[in-house]
Amino acid sequence: MGLDGNTTFPTSVWDGDSGSRDSDNGNQASPTQQDWTRAVEEVAGLQTRINSNENAADDDTIDTIGVLATVTGLTVVEKGDASIHKTVLTLVAVPVVTVDGATPATDGAWGTTLLYTFPQGHIVIHGGHQVYALGALASSVGGGAGLSDTADLGIGVGTVAAANSTEWGLSTTEENICAEADANLIAGVSDAAESSVNATVVAADGSAAALSVNLNTRGLGDDDHGVVGDILLVSGTITVVWSIIGND
């Protein structure tokens, strides 16, 4: 906040003027407390804008962040500016409800959880990354009634939520943010660290309805899930680098 109690910095490229100095009037006296205060305000304002995207408080609609879903164990850190955003989602035992496929012999067991919603508009996803440590995926019911204790699952992130489908593993927009990683459970927990990256630019039209970031999973075989619903608890980090380039 400026010395006048109203101005918020930075408002423009600073020319060095302050309450006691006028850069247009030639040589000036030594800096005063007002000069130092203005300089500190300018630097602090610039740092705040760069570090946190000014909390998305900008009158330009392309300089915004998305909305975090209300999910137990889910937090977000936002970085970037009006051009490039970096959204880092941290998951601590985030629940993903899983069910067996409608026709178990051909339809993989699946589950999905909404994590984040982009601002409405045309979105370009520059890249995505997901990582889960050893033991970071765990079934709640297990034992074969729900997820098999030795289930093989595909886990990925997409702009469309997974749904019942005649396939094994994820496909297309179920994994267009982070490509599917194959995870194996042993005694109901993942037996290795799992990660995947998507470095392919994805352009998606969210002008009619805002696009979302969905954590998706689907079984890789018929023996991965029983008839009882289960909850896969997921801990890890998902990073999405993206831009919103306009809206209709």
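Every number here is computed from the coordinates shown, using simple stated rules; none is lab data. Here the structure is a predicted model, which means the values were calculated and not measured. FYI the Cβ positions are ideal-geometry reconstructions off the backbone, even for glycines, and counts take in every protein chain you see.
Database remark: amide H of Val141 closer than 5 angstrom to the amide H of Leu147, Ile231 (H placed geometrically; neighbours at sequence offset of 5 or more, or on other chains; Pro and chain starts carry no H). In the range 63-246, a dipole from Cβ-located charges (positive for Lys and Arg, negative for Asp and Glu) runs towards its positive end, and of Ile125, Leu137, Asn176 it is Ile125 whose Cα lies farthest in that direction. Rounded to the nearest Hz, the phi-derived 3J(HN,Hα) couplings of the range 238-248 under the Karplus curve 6.51 cos²θ - 1.76 cosθ + 1.60 (θ = phi - 60°) are 10, 10, 10, 9, 8, 9, 10, 9, x, 8, 5, where x marks glycine and proline.
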